[in-house]
Amino acid sequence: MTDTTGPVPLSGRVEGSPSALWHEEVLGPHFQYEVTHLLPWYIVIEKVLAAEYARLGVVTDAEARELGEALGGADAEALVADPSANMSDITFALERYVERRLSHPIPAWHVDRSRNDLQATAQLMFGRHELTGIARALTDFGTAVHRLAGSTRELPMPGHTHFQAAQIISPGYYLAAVSEQVLHTLRRLLSTYDGLDACPLGSGAMAGQELPWDRDRMARLLGFRRAQPVALTGVASRGWVTEVTADMSTLGIALSRFATDLLTWGSGEFGFIDLPDELCGISSAMPQKKNFPVLERIRGRTAHLSTYHLDAVLGQRNTPYTNLVEVGKEAGANLAAAYATLRSVLRLFTEVVGRLTFHADRMRAACEREYLGGFALANALTLREGVPWRRAQVVAGAYVVAAVEAGLSPDRPDAELLRKVAGERGFTLADPATALDAVRDVDAGLRRPASAGSAHPDATAAVLRDQVDEYERLRTEWGLRTARVADGLTETDSLLTGGTT
């Protein structure tokens with residue numbers, strides 16, 4: 001014990017402890033939030049500060065090691081919100097916890113420092129850590145999507161525009177687009193990570209600190225790429241919260257659209273996809289139904305991501321640019337929930353994609369029912385018969401209308417009907433039968449596009465090959481950032497367990 005007469009008061013300006021109401025409504029719940037989500041980062045920060053005190057010469061190496069040892073024993077069970085003992089504040093609680101375990105008082109411990117930059121750093125380290133976890137989960141999802149795309153790129157299915165069957169694509173082609181969105185988001189998250197990877201520690205209350213703290217060294221020990229250049233920015237800005245939640249919200253919008261398509265494809269009218277029974281639901285009233293509530297849950301939860309982003313934005317809007325509880329705590333109150341929600345969405349969606357099956361026969365039948373080759377027919381009329389493009393569009397559309405009225409399906413083309421339709425519009429066709437090949441063959445329709453990035457199975461395969469390289473590159477980039485954090489924390493522990501501080 002370092003003080004047998006009891007703990008030193010925490011403030012000479014405010015007498016008394018926080019009221020029961022203040023504790024119950026605000027301080028206690030926030031204390032529990034920080035213990036749950038931020039405590040490991042507060043402990044690491046305190047260790048780095050102990051090492052820095054030793055470097056500055058205001059504590060001895062032995063005292064720094066003793067501080068590090070005491071800090072290493074702190075956990076969620078040891079720290080309790082107590083209005084009278086620690087003002088229900090986690091940093092004060094941690095301070096009291098360590099003081100009780102020191103062999104002698106260390107007067108310079110906590111000299112020339114503020115809670116403002118500690119809190120900002122702990123929050124940022126939590127946000128950074130969670131962001132790397134989201135990147136891993138998103139990579140797993142993208143990998144599952146990519147795998148399914150490769151195995152379904154040759155299955156014809158109708159593609160839709162404006163809620164109408166439009167052209168022949170494949171599930172693999174569609175999923176390659178989903179995978180591309182994943183890669184785009186991973187790149188955005190990486191950029192966001194690099195933007196926030198600046199350490200606030202050493203910013204003090206707002207104007208910097210009086211001792212010559214080595215902020216670059218402290219940043220390195222905490223795994224940051226650099227120190228935040230301006231002290232005010234270190235404690236005033238929580239812009240990174242809005243940036244992270246914006247990325248998550250944007251991803252949620254895309255995921256909701258993908259889930260909507262799967263819900264449509266899984267409906268009784270389409271029947272293109274299926275999921276195993278253990279991922280499905282039933283109707284208590286209609287025994288014939290097999291529902292996909294997992295997709296509804298995924299889509300519903302993505303809405304929360306946009307709500308959390310808006311909450312962070314409104315919590316900061318029109319506030320002064322300085323350290324504020326309103327910005328530093330209330331505006332980020334739902335950040336952990338946002339991370340948890342997106343992790344849940346990605347876990348569920350990864351499982352769905354991994355268990356998803358496509359009904360090739362039903363997709364092909366849908367392609368054969370619809371006149372999905374109208375665009376190709378117009379091209380053929382222009383390129384083979386010399387019909388001006390816009391007029392060719394008119395002829396092709398008129399033929400489809402006439403064929404449907406005559407009860408002809410796409411696999412029963414009528415060359416004479418096309419000749420007649422074209423003749424009525426002033427065009428004589430030399431070989432209408434060849435032009436009609438565009439509307440008859442489903443497999444040819446899938447393979448007809450020749451441009452890069454098209455639905456042609458070979459073009460899809462090329463995109464998927466490039467995506468493999470990009471996934472690997474991004475894994476490497478994220479791994480480098482994770483390693484930098486791990487190296488910094490390892491160096492910190494080494495300094496406090498016998499290394500040179």
*Give the residues of region 295-312 that are under 20 Å from THR350 (Cβ atoms) and either open to solvent by 50 Å² or more (accessible area, probe 1.4 Å) or among the basic types (Lys, Arg) (or both), sorted by residue number.*
GLU296, ARG297, ARG299, ARG301, ALA303, HIS304
*Could you tell me whether region 211-232 includes any residue that is in contact with a strand residue (DSSP E or B) (Cβ under 9 Å, 6 or more places away or on another chain), polar (S, T, N, Q) and surrounded by 20 or more Cβ atoms within 10 Å (Cβ to Cβ)?*
yes
*Inspect region 263-273 for any residue being more than 26 Å from the chain's Cα centre (by Cα), on the phi < 0 side of the Ramachandran plot, touching a residue at least 24 places away in the same chain (Cβ under 8 Å) and open to solvent by less than 20 Å² (accessible area, probe 1.4 Å) and give the result as yes or no.*
yes
*Using the structure shown, decide if ARG465 is farther than 30 Å from ILE168 by Cα and either open to solvent by 70 Å² or more (accessible area, probe 1.4 Å) or basic (Lys, Arg) (or both).*
no
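So that you can scan it fast, the table gives a plain yes or no per residue for (1) in contact with a strand residue (DSSP E or B) (Cβ under 7 Å, 6 or more places away or on another chain); (2) modelled with pLDDT of 95 or more; (3) of a type in the set (A, V, I, L, M); (4) surrounded by 16 or more Cβ atoms within 10 Å (Cβ to Cβ):
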position: GLY6; (1), (2), (3), (4): no, no, no, no
position: SER17; (1), (2), (3), (4): no, no, no, yes
position: HIS23; (1), (2), (3), (4): no, no, no, yes
position: LEU27; (1), (2), (3), (4): no, no, yes, yes
position: GLU34; (1), (2), (3), (4): no, no, no, yes
position: TRP41; (1), (2), (3), (4): no, yes, no, yes
position: ALA51; (1), (2), (3), (4): no, yes, yes, yes
position: ALA81; (1), (2), (3), (4): no, no, yes, yes
position: ASN86; (1), (2), (3), (4): no, no, no, yes
*Got a number for residues in region 54-77 being open to solvent by 40 Å² or more (accessible area, probe 1.4 Å) and not in a helix (DSSP H, G or I)?*
6
*Where in region 343-456 are the helices (runs of 4 or more DSSP H), entirely inside, with at least 3 residues that are of a type in the set (D, E, K, R) and open to solvent by 30 Å² or more (accessible area, probe 1.4 Å)?*
360-369, 389-405, 415-424
*Consider only pairs whose beta carbons are under 6 Å apart and that are at least six residues apart or on different chains; among these, list those whose first residue lies in region 176-191 and is in contact (Cβ under 8 Å) with a residue 60 or more places away in the chain and whose second residue is open to solvent by less than 50 Å² (accessible area, probe 1.4 Å) and among the basic types (Lys, Arg).*
none
*Quick one: which of ARG147, ARG225 is closer than 30 Å to THR302 by Cα and among the basic types (Lys, Arg)?*
ARG147
*Could you list all residues from region 112-135 that are part of a helix (DSSP H, G or I) and of a type in the set (S, T, N, Q)?*
ASN116, GLN119, THR121, GLN123, THR132
*Go through region 158-174 residue by residue and tally those that are of a type in the set (A, V, I, L, M, F, W, C) and crowded, with 16+ Cβ neighbours inside 10 Å.*
3
*Can you name the number of the only condition in (1) of a type in the set (D, E, K, R); (2) buried (at least 17 other Cβ atoms within 10 Å of the Cβ); (3) at pLDDT 95 or above that ARG113 fails?*
(3)
*Any hit, region 42-53, residues being in a loop (DSSP other than H, G, I, E, B) and not basic (Lys, Arg)*: no
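The values are calculated or read from the model by the stated rules, or taken from the named source; none is laboratory data. This is a predicted model, so every value here is computed, not measured. Cβ: placed from backbone, ideal geometry, glycine included. Neighbour counts: every protein chain shown. We work out accessible area using only protein heavy atoms, side chains counted, and drop any ligands, DNA or RNA first. Shrake-Rupley method; radii C 1.70, N 1.55, O 1.52, S 1.80 Å.
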